[in-house]
Amino acid sequence: MLRSLVGSEMCIRDRVSTQSTGTEPSRMGVCGTAEPQASTAPVGRPDPSSFANFEHVAAVHSHLQLLVDFEAQVLSGSVEIRCRVHHPAEHLLLDTKHLDIEMDGLTINDEAVPGSELFPEVGELGCKLEIKIPDGLQAAGTEFVLRVPYATTDKCSAIQWLPKEQTAGKQHPYLFSQCQAIHARSMLPCQDTPGVKSTYSAEIQVPSGLTALMSAISTQSEACEGGGMTFKFAQKIAVPSYLIAIVVGNLEGIKVGPRSTVWSEPEMVQAAASEFSETEKFIEAAESIVGDYIWGKYDILCLPPSFPYGGMENPALTFVTPSLLAGDKSLADVVAHEIAHSWTGNLVGCRTWEHFWLNEGHTVFLERKIGAIMNGGGAATGWAEAGQLHFDFKALGGWNALRDSVQYFQAQGNDNFTRLVPDLSGDIDPDDAFSSVPYEKGFNTLYHIEKLVGGPSVFEPFLKKYIEKFAHQSIQTEDWKNFVLEYFADNEAVARLDWQAICGPGMPSWDPEFKTALADSALGLATKWSQTELDLTDFAAEDVRGWNTQQFELFLDWL
């Protein structure tokens, strides 16, 4: 998920609602959502943030054919969606938002589709597109291909079009997408829910001199008749719609490892490649905990200076902000979060956005495990103290961010968004619930259990088994909880876990007991510097020797 540099800790982009109070549901299951409220949501919607009837009919592959028009600022063309019927169904339901759909051009297996309907818009959820499935294709086990001709509009929330003046080179326009959480539906008709994972392919036609990249493997590029280039892509590992990503611009790539290329504008690519030259070490650190990296390549795209976010874990092509280009690799470990998503989120992901913590809590946990290895810890060192101190220092900053978010929501009378699994029924925009809660409350839940079961030597093998069991699936918190209970069936501490407290509102009920030596060093020196009368002979370079970047930030923040 998107992350930005805030204060002394890597924190997420808090985008909280100023309109919805998200009142606490009256009936909440253990680590589950409330039963749906009486709302505009029709009966049978398996994801409150989507109109898709994916339990009946689900997309298994999408093929995009799109023309990029910078002058009109639209993508136009079509999407072909191969669908599989799981339970008998008369209709296929898709998500759309501000799309110009050629309703008369809809086809299933190359035959016109009469009786389809585009319903009125429902807030940020957009519009439901209802496709009539021909009688002979409604039975379980049947597959068919739907083709939808369409174009994006100027209200597309998934795509940002940059004029050349907003790029580093200031010679060519640029576009990039950001589909999480429910913005893919404004870029293509789809089942825009993390509960559906499908493969995809694409043919993207762009103006001459520009390059297209996607969250997929590039398979071919060729010149078009009349000018321009067509770039072809294939993502053979099934992904949810929010992980479909595209970028078009004046791009160059520099290989920085056996499976990594850093991409950016020519004016920035050398600096970016230098900054992220140790990417392979981060990947190997993650592999030592959760197993092989399966996505083939791990490329990094450093976006123009106007890119406002920290990063996005698009498969095979992580997006990062140029603000990470410090020149000394001191912020390069931010990419550890996006690398971790290759397992937690992209490979094993949440079924609906109510279970978003399964993505982000596990990712923060793995990110900090990677950081511990890179700072002298991990299994190979017997989980040496140096790595654990780094792990806990980062966790302490996260705890403070969590406290701030909880206090913010509670001041609004909104306990719902402080839960591990909030209730998003009632057509709530999932973006409104995004905060540090799923990240840090999720992390602290996992760290709490790790301590209870006996530490990293016991819990890290569980984490690897969790990835193996649920790989390529979209799951709910109950699935995770049941696996915890199954794996640690003989552990009395796990048997005594208070699941109501874990999943309830507010701050965690336990003391995380972080080791604070690194924070104490920074805060102690800051206190010393804050004295009204200073004796400069009391200060020396040794005071900050061995500090990491975040310690310096904490020191300066305190001053």
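Quick notes on this structure:
- Answer residue from region 498-519, given it is open to solvent by 20 Å² or more (accessible area, probe 1.4 Å) and in contact with a Leu (Cβ under 8 Å, 6 or more places away or on another chain) and is nearest to Pro422 (Cα to Cα) among those: Met507
- Options Ile237, Ile244: the member that is touching a residue at least 40 places away in the same chain (Cβ under 8 Å), within 27 Å of Ser306 (Cα to Cα) and of a type in the set (A, V, I, L, M, F, W, C): Ile244
- Test result for Ser201, farther than 16 Å from His61 by Cβ, modelled with pLDDT of 95 or more and of a type in the set (S, T, N, Q): no
- Residue within region 247-264 that is open to solvent by 10 Å² or more (accessible area, probe 1.4 Å), touching a residue at least 40 places away in the same chain (Cβ under 8 Å), not in a strand (DSSP E or B) and not acidic (Asp, Glu) present: yes
- Residue check for Ala540: loosely packed, with under 11 Cβ neighbours inside 10 Å, at pLDDT 95 or above and not acidic (Asp, Glu): no
- Per-region count, region 515-540, residues in a loop (DSSP other than H, G, I, E, B), of a type in the set (Asp, Glu) and within 33 Å of the chain's Cα centre (by Cα): 0
- Check on Phe443, within 27 Å of Trp295 (Cβ to Cβ), open to solvent by less than 40 Å² (accessible area, probe 1.4 Å) and either hydroxyl-bearing (Ser, Thr, Tyr) or in contact with a helix residue (DSSP H, G or I) (Cβ under 8 Å, 6 or more places away or on another chain) (or both): yes
The values are calculated or read from the model by the stated rules, or taken from the named source; none is laboratory data. Worth saying up front: this structure is predicted, and the values here are computed from it rather than measured. Every residue, glycine as well, gets a Cβ built from its backbone with ideal geometry; the counts of neighbours run over all protein chains shown. Side chains included, ligands, DNA and RNA excluded: accessible areas come from the protein's heavy atoms. Shrake-Rupley method; radii C 1.70, N 1.55, O 1.52, S 1.80 Å.
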